[in-house]
Amino acid sequence: MPLVLNDEQGLLRDSARGFLAKNAPVSHLRKLRDQRDETGFSRALWKQFAEMGFAGILIPEEFGGAGLGYVEAGVVMEEIGRTLTPSPFLSTALLCAGTIARAGSEAQKKEHLGKIAAGERIGAFAIDEHSKHNPAQIALSAKRSGNGFSLNGAKGIVVDGHVADFLIVAARTSGEPGETKGITLFIVDPKTKGIETERTIMVDSHNAARISFDNAQVNADAVLGEVDQGWKIIEGALNVGRAAVASELVGAGEEAFARTANYLKERKQFGKRIGEFQALQHRAAHLYCEIEITRAAVLKALQTLDEHFDHAGSIVSVAKARAGASATLAVQEAMQMHGGFGMTDEFDIGFFMKRVRVGQELFGDSNFHADQLARLNRY
Amino acid sequence: MSDLEVFRKETRAWLEKNCPPEMRKPVQSEEEICWGGRKWKFHSEAQRVWLERMAEKGWTVPEWPKEYCGGGLSREEAKILQKEMRALGCRSPLDSFGIWMLGPALLKYGSEEQKREYLPQIVQGKIRWCQGYSEPNAGSDLASLATKAEDKGNHFLVNGQKIWTSYADKADWIFCLVRTDFSAPKHEGISFILFDMDSKGVSTKPILLISGKSPFCETFFDNVEVPKKNLVGQLNKGWEIAKYLLTHERAMIGGMGLRAAGRPVSQIAADSVGLDAEGRLADPVLRGKIAEVSIDEMAFVFALERAGDLAKAGQANPAFSSVLKYYGSELNKRRHELLMAAGGSAALEWESPRSKQGALARAWLRTKANSIEGGTSEVQLNIVAKRILDLPGA
């Protein structure tokens with residue numbers, strides 16, 4: 001398959017770009033932040049996402065979705081990266097819907113997928129428990145109790161956890177933290193007794209929550225996949241999340257770079273446009289190279305998820321590691337080259353810097369994925 | 001089964017049948033790379049057979065048209081061939097400046113007669129080419145070159161000197177930039193000509209480099225007579241061809257590091273620092289650096305693939321080869337620094353059978369030229385700033 005977008009994917013990109021530029025530019029995020037919006041996102045916008053077919057992008061047509069693939073999901077994420085739009089697209093449409101579509105029972109699919117596609121239901125994927133992503137360390141316990149399980153423990157940085165209608169929770173049903181065996185996924189109603197949700201206002205004004213479980217009871221039919229066999233489903237979901245965030249980082253990095261390149265062409269000092277200075281030209285050119293190399297790796301990761309889902313791990317790690325690093329470089333250079341203006345809250349560049357920092361952290365930063373690659377190659 | 005799947009199956013079967021087992025082992029030293037040409041002495045019978053069989057199918061240059069003895073494969077078929085060769089560990093049957101540089105330029109700018117004359121010999125590895133570009137006073141500022149070719153009626157009379165001419169002493173022919181109009185602005189008086197290195201008046205002098213090897217030469221032209229029909233394109237319009245060829249050279253140099261075989265750096269490091277109880281390299285900082293370079297290498301492979309696909313789709317910026325040249329050559333330097341760090345003191349033995357006569361160290365030193373030859377990294381960044389980013393005054 002050629003490592004370029006095909007015509008349909010190009011059209012999808014154009015329509016997502018047009019839609020987001022019109023309905024949710026960076027000022028949309030700024031407004032939500034300044035108004036201290038209770039949810040941190042716009043339900044009306046999410047409804048429009050659904051009408052565009054984005055909410056059901058990974059959901060098979062028989063359940064009311066668009067039945068598209070990971071490349072298409074990445075295309076939309078990249079555009080979301082350009083506008084920094086906060087939306088449940090990642091949490092609900094990609095992580096939760098994707099996981100249920102791949103691993104859920106017929107009953108679970110019927111229950112959730114149609115409503116997600118219609119923009120009527122929001123889900124959140126609760127996996128991390130520590131400050132640094134390390135999914136094998138899952139300790140939140142699920143002990144058999146009555147007809148089902150009793151959950152005890154806590155999750156952090158649950159994207160959109162504060163507005164979720166349902167949670168997918170990774171819990172330990174056997175073994176010790178550090179082991180990949182013995183992990184089970186549950187679909188849980190966050191209103192269940194014993195569950196407490198605390199919205200965490202993040203540096204990037206995007207949405208996340210800490211969620212604690214104190215003897216929270218779930219039925220046996222809440223199990224997603226099989227008891228103790230959740231690791232493979234989690235790996236798949238995480239790889240989708242990583243490739244998706246990598247796409248978002250490409251979009252955010254590229255937009256920050258584009259704004260910076262424009263600034264270099266306009267800003268005058270010493271009687272010259274500052275883009276005439278070779279010291280800045282070379283840094284801008286270097287950054288362009290880094291972004292382009294990353295773009296190729298990210299598209300390859302998305303294509304590999306579409307073609308060989310179970311063998312995408314190392315390429316996804318390459319993509320996420322690269323995307324984190326080059327987007328970070330992009331926002332750092334953007335900040336420096338914008339001079340004092342970049343430091344002001346009034347200027348948008350700071351929003352890009354903040355979002356990229358969060359994107360770097362989500363589902364493993366560049367260091368985590370370098371370690372992953374070394375492990376996969378046994379050194 | 002789709003056509004491509006059929007092609008994959010047939011290709012695999014053909015390679016399994018026709019690629020000699022010796023040609024499926026990694027290249028151990030530079031000497032084992034096949035360059036072909038009139039003066040070429042095959043390293044082994046297997047090397048000869050492998051070149052002959054691949055050349056017969058045109059698969060030394062899979063995507064060139066069949067009418068010039070190329071493989072005539074589509075881009076997708078060529079990718080499959082490449083993948084299958086990699087899977088079997090097949091060596092490149094032929095490395096050649098004819099394939100990487102001159103051929104693409106002839107396909108675009110050569111006369112029909114020139115294409116029929118030169119391209120098949122390139123495909124078959126019969127003529128080894130060298131590149132007469134740089135001069136002592138024309139390095140990064142290549143267009144200021146001064147080697148002159150005077151019109152003497154039925155021939156050009158060439159006088160001057162080239163430098164950094166890769167393998168000039170081993171080459172059969174040269175593609176050469178010469179000044180044919182001294183009164184015109186520097187870019188508008190250059191012509192692109194071809195001639196036989198056995199011509200009277202051509203001499204070469206290898207330059208000893210820090211690696212202890214001499215891949216480059218000084219090349220002297222003293223009243224060399226070159227037939228007029230050896231002019232490619234129009235008189236005084238050679239700079240356009242020169243630049244076009246440079247984009248191919250840059251893509252080639254950028255991708256060069258990935259062709260280098262040998263043991264993975266993680267294995268070399270394992271010998272030097274050992275493994276911990278969990279099987280990880282015992283030096284965690286070195287391990288991290290190796291992983292980072294591996295990430296960049298994998299990403300760069302995809303970038304090369306994508307650049308080819310974009311070109312095929314007509315969506316490529318011609319200046320993108322500067323991105324590949326810059327990134328690939330800098331990456332190759334990083335990789336060799338890391339190889340030296342991984343090898344430790346064992347890699348420092350310059351003259352010893354244990355180090356294969358300092359193979360790693362010599363390769364490391366050789367890579368320092370990567371970011372100079374074919375246009376320095378700084379020149380590539382200038383090109384990106386000007387032709388892609390459109391920055392002012394660039």
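Filtered by the rule that a residue be within 10 Å of chain A (Cβ to nearest Cβ) and hydroxyl-bearing (Ser, Thr, Tyr), region B:268-319 gives a lone residue, B:294.
If residue A:7 satisfies every condition in (1) within 14 Å of another protein chain (Cβ to nearest Cβ); (2) open to solvent by 20 Å² or more (accessible area, probe 1.4 Å); (3) within 30 Å of residue A:226 (Cα to Cα) but one, which is the exception? Of the numbered conditions (1) within 14 Å of another protein chain (Cβ to nearest Cβ); (2) open to solvent by 20 Å² or more (accessible area, probe 1.4 Å); (3) within 30 Å of residue A:226 (Cα to Cα), the odd one out for residue A:7 is (3). Scan region B:181-211 for residues that are within 30 Å of residue B:351 (Cα to Cα) and either open to solvent by 30 Å² or more (accessible area, probe 1.4 Å) or modelled with pLDDT of 95 or more (or both) and the total you get is 7. I'd like to know if region B:322-331 contains one or more residues that are assigned to a loop (DSSP other than H, G, I, E, B) and open to solvent by 40 Å² or more (accessible area, probe 1.4 Å). No, because not a single residue in region B:322-331 is assigned to a loop (DSSP other than H, G, I, E, B) and open to solvent by 40 Å² or more (accessible area, probe 1.4 Å).
Is it true that some residue in region A:23-33 is open to solvent by 10 Å² or more (accessible area, probe 1.4 Å), under 23 Å from residue A:349 (Cα atoms) and in contact with a Phe, Trp or Tyr (Cβ under 8 Å, 6 or more places away or on another chain)? The answer is yes; a qualifying residue exists. Only one of (1) more than 10 Å from chain B (Cβ to nearest Cβ); (2) touching a Leu at 6+ places or on another chain (Cβ under 9 Å) is not met by residue A:288, so which one is it? Unmet for residue A:288, out of (1) more than 10 Å from chain B (Cβ to nearest Cβ); (2) touching a Leu at 6+ places or on another chain (Cβ under 9 Å): (1). Taken together, the residues in region A:267-276 that are under 37 Å from the mean Cα position of the chain (by Cα) and more than 7 Å from chain B (Cβ to nearest Cβ) amount to 2.
When region B:205-234 is filtered for residues that are of a type in the set (Val, Ile, Thr) and either within 30 Å of residue B:336 (Cα to Cα) or in contact with a His (Cβ under 9 Å, 6 or more places away or on another chain) (or both), the ones remaining, listed by number, are B:207, B:210, B:219, B:226. When residue B:228 is tested against (1) farther than 24 Å from residue B:319 by Cα; (2) without any contact (Cβ under 8 Å) to a residue 40 or more places away in the chain; (3) open to solvent by 40 Å² or more (accessible area, probe 1.4 Å); (4) charged (D, E, K, R), only condition (2) is not met.
In region B:241-267, of all residues being open to solvent by less than 20 Å² (accessible area, probe 1.4 Å) and aliphatic (A, V, I, L, M), the one that is farthest from the other protein chains (Cβ to nearest Cβ) corresponds to B:241. State all residues of region A:303-322 that are open to solvent by less than 10 Å² (accessible area, probe 1.4 Å), more than 10 Å from chain B (Cβ to nearest Cβ) and part of a helix (DSSP H, G or I); if no residue qualifies, say none. Across region A:303-322, the qualifying residues are A:305, A:316.
Say whether the condition of being open to solvent by 20 Å² or more (accessible area, probe 1.4 Å) and aliphatic (A, V, I, L, M) is met by at least one residue in region B:143-156. Looking through region B:143-156, at least one residue is open to solvent by 20 Å² or more (accessible area, probe 1.4 Å) and aliphatic (A, V, I, L, M). Filter region B:361-394 down to the residues that are open to solvent by 50 Å² or more (accessible area, probe 1.4 Å) and away from every other protein chain (no Cβ under 14 Å), then identify the one that is nearest to residue B:322 (Cα to Cα). Here the residue is B:372. Condition check for residue B:35 on (1) hydrophobic (A, V, I, L, M, F, W, C); (2) open to solvent by 20 Å² or more (accessible area, probe 1.4 Å); (3) farther than 30 Å from residue B:353 by Cβ; (4) at pLDDT 95 or above: one failure, at (3). Among the candidates A:198, A:176, the residue that is over 21 Å from residue A:89 (Cβ atoms), touching a Lys or Arg at 6+ places or on another chain (Cβ under 9 Å) and open to solvent by 60 Å² or more (accessible area, probe 1.4 Å) is uniquely A:198.
For residues in region A:97-116 being over 18 Å from residue A:242 (Cα atoms) and open to solvent by less than 10 Å² (accessible area, probe 1.4 Å), which is nearest to the chain's Cα centre (by Cα)? The selected residue is A:116.
With the structure loaded, tell me whether residue A:53 is away from chain B (no Cβ under 14 Å) and crowded, with 16+ Cβ neighbours inside 10 Å or whether it fails that test. When the stated conditions are applied, residue A:53 passes them. The residues of region A:342-379 that are without any contact (Cβ under 8 Å) to a residue 12 or more places away in the chain, more than 14 Å from chain B (Cβ to nearest Cβ), open to solvent by 20 Å² or more (accessible area, probe 1.4 Å) and not acidic (Asp, Glu), listed by number, are A:343, A:344, A:347. Is at least one residue of region B:250-272 assigned to a helix (DSSP H, G or I), modelled with pLDDT under 95, touching a Phe, Trp or Tyr at 6+ places or on another chain (Cβ under 6 Å) and within 29 Å of residue B:322 (Cα to Cα)? Yes, region B:250-272 has at least one match.
For every residue, the table says whether it meets (1) within 14 Å of another protein chain (Cβ to nearest Cβ); (2) within 20 Å of residue A:130 (Cβ to Cβ).
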| residue | (1), (2) |
| --- | --- |
| A:173 | no, yes |
| A:184 | no, yes |
| A:187 | no, no |
| A:192 | no, no |
| A:213 | no, yes |
| A:236 | no, no |
| A:250 | yes, no |
| A:259 | yes, no |
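Applying a threshold of 9 Å to beta carbon distances and a minimum spacing of six or more residues, or different chains, the list of pairs starting in region A:97-108 at a residue that is outside the structural domain of residue A:240 (by TED's automatic domain parsing) and ending at one that is surrounded by fewer than 20 Cβ atoms within 10 Å (Cβ to Cβ) and at pLDDT below 95 is empty.
Cβ-Cβ distances below 6 Å connect the following pairs, each with a first residue in region A:135-146 that is open to solvent by less than 20 Å² (accessible area, probe 1.4 Å), a second residue that is among the small types (Gly, Ala, Ser) and outside any helix (DSSP H, G or I), and a separation of six or more residues or different chains: A:136/A:178; A:138/A:170; A:140/A:153; A:140/A:171; A:142/A:171. Could you list, in sequence order, all residues of region A:220-253 that are surrounded by fewer than 19 Cβ atoms within 10 Å (Cβ to Cβ) and either in contact with a helix residue (DSSP H, G or I) (Cβ under 8 Å, 6 or more places away or on another chain) or part of a helix (DSSP H, G or I) (or both)? Hits for region A:220-253 are A:220, A:221, A:232, A:235.
Every residue, every condition in (1) part of a helix (DSSP H, G or I); (2) more than 24 Å from residue B:30 (Cβ to Cβ), yes or no:
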site	(1), (2)
B:338	yes, no
B:345	yes, no
B:350	no, no
B:355	no, no
B:361	yes, no
B:386	yes, yes
B:391	no, yes
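Go through (1) outside any helix (DSSP H, G or I); (2) open to solvent by less than 20 Å² (accessible area, probe 1.4 Å); (3) without any contact (Cβ under 8 Å) to a residue 60 or more places away in the chain one by one and return the number of the condition residue A:285 breaks. So residue A:285 meets the others, but not (1).
Report yes if some residue within region B:3-16 is outside any helix (DSSP H, G or I), open to solvent by 80 Å² or more (accessible area, probe 1.4 Å) and either more than 28 Å from residue B:104 (Cβ to Cβ) or not small (Gly, Ala, Ser) (or both); otherwise report no. Within region B:3-16, none of the residues are outside any helix (DSSP H, G or I), open to solvent by 80 Å² or more (accessible area, probe 1.4 Å) and either more than 28 Å from residue B:104 (Cβ to Cβ) or not small (Gly, Ala, Ser) (or both).
Could you tell me which numbered condition residue B:222 fails, if it satisfies all but one of (1) in the same structural domain as residue B:357 (by TED's automatic domain parsing); (2) open to solvent by 70 Å² or more (accessible area, probe 1.4 Å); (3) at pLDDT 95 or above? Condition (1) is where residue B:222 drops out.
The values are calculated or read from the model by the stated rules, or taken from the named source; none is laboratory data. Because the structure is a prediction, the values reported are computed rather than measured. All Cβ positions, even for glycine, are placed from backbone atoms using ideal geometry, and neighbour counts span all protein chains on display. For accessibility, only protein heavy atoms count, side chains too; no ligands or nucleic acids. Shrake-Rupley method; radii C 1.70, N 1.55, O 1.52, S 1.80 Å.
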